[in-house]
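The values are calculated or read from the model by the stated rules, or taken from the named source; none is laboratory data. All figures in this text were calculated on a predicted structure; none of them were measured in a lab. Ideal geometry is used to build each Cβ from the backbone, glycine not excepted, and the neighbour counts take in all protein chains shown.
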Amino acid sequence: MDKLIDSQVKLEVEELTSSRLKLMLEGQFFKVKRTPLFKSHGGYTDDVLIKSDGELWKLDDPNLLVDRFRANYLIKEKSDALKLQKVLSLLFDDAPSQDQALVQKGNTWLMVQREWFGEKQGYIVTTDDSGQVKEINYTDQIKL
């Protein structure tokens, strides 16, 4: 069975070793690229997997990161939020655009990754009063 799978799908695994990622989040992060060999040889899919506490799971929602933040990571100022924006780009976006922006509204950080047909797309990050991240959501309609 392994030989059959190996002949039909090519897997490439890369550990994400960004120093920001390691300082901010617990666990090991891997980017897995799957390329089917039995059809068009061109299409592929990327996934990010997290290995933590002996388990491996797919990172398919940015809010899953909330429980992975190190206790000492807080968003106190814009530079802290910019670091998180870069980590989110690494984990979820292959190529953030020149339209990136960062706006703070109280305990909410609006992280614009790109603009698509006039709509600002990106992350809404909510913190508590101490700066601890409580929620991360992706939206394709950020209102600044």
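Okay, here's what the table says:
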| read-out | value |
| --- | --- |
| Residue ID - surrounded by the fewest Cβ atoms within 10 Å (Cβ to Cβ), chosen from residues in region 125-142 that are of a type in the set (A, V, I, L, M) and within 16 Å of PHE69 (Cα to Cα) | ILE136 |
| Of the criteria (1) among the small types (Gly, Ala, Ser); (2) in a helix (DSSP H, G or I); (3) under 19 Å from GLN141 (Cα atoms), which one SER79 fails | (3) |
| Leading residue by the ranking (farthest from LEU82 (Cα to Cα)) among those in region 93-103 that are part of a strand (DSSP E or B) and within 18 Å of the chain's Cα centre (by Cα) | ALA101 |
| Any hit, region 18-30, residues being without any contact (Cβ under 8 Å) to a residue 24 or more places away in the chain and in a strand (DSSP E or B) | yes |
| Criterion violated by ASP67 - all others in (1) surrounded by 15 or more Cβ atoms within 10 Å (Cβ to Cβ); (2) under 15 Å from the mean Cα position of the chain (by Cα) satisfied | (1) |
| Scan of region 104-144 for residues that are in a loop (DSSP other than H, G, I, E, B), modelled with pLDDT under 95 and more than 16 Å from the chain's Cα centre (by Cα), ordered by number | PHE117, GLY118, GLN141, ILE142, LYS143, LEU144 |
| Scope region 18-46; condition under 30 Å from GLY131 (Cβ atoms) and not aromatic (Phe, Trp, Tyr); matching residues | SER18, SER19, ARG20, LEU21, LYS22, LEU23, MET24, LEU25, GLU26, GLY27, GLN28, LYS31 |
| Tabulated pairs, region 52-78, first more than 27 Å from ARG34 (Cα to Cα), second polar (S, T, N, Q) and at pLDDT 95 or above, C-beta under 6 angstrom, 6+ apart or interchain | LEU74/GLN132; ILE75/THR127 |
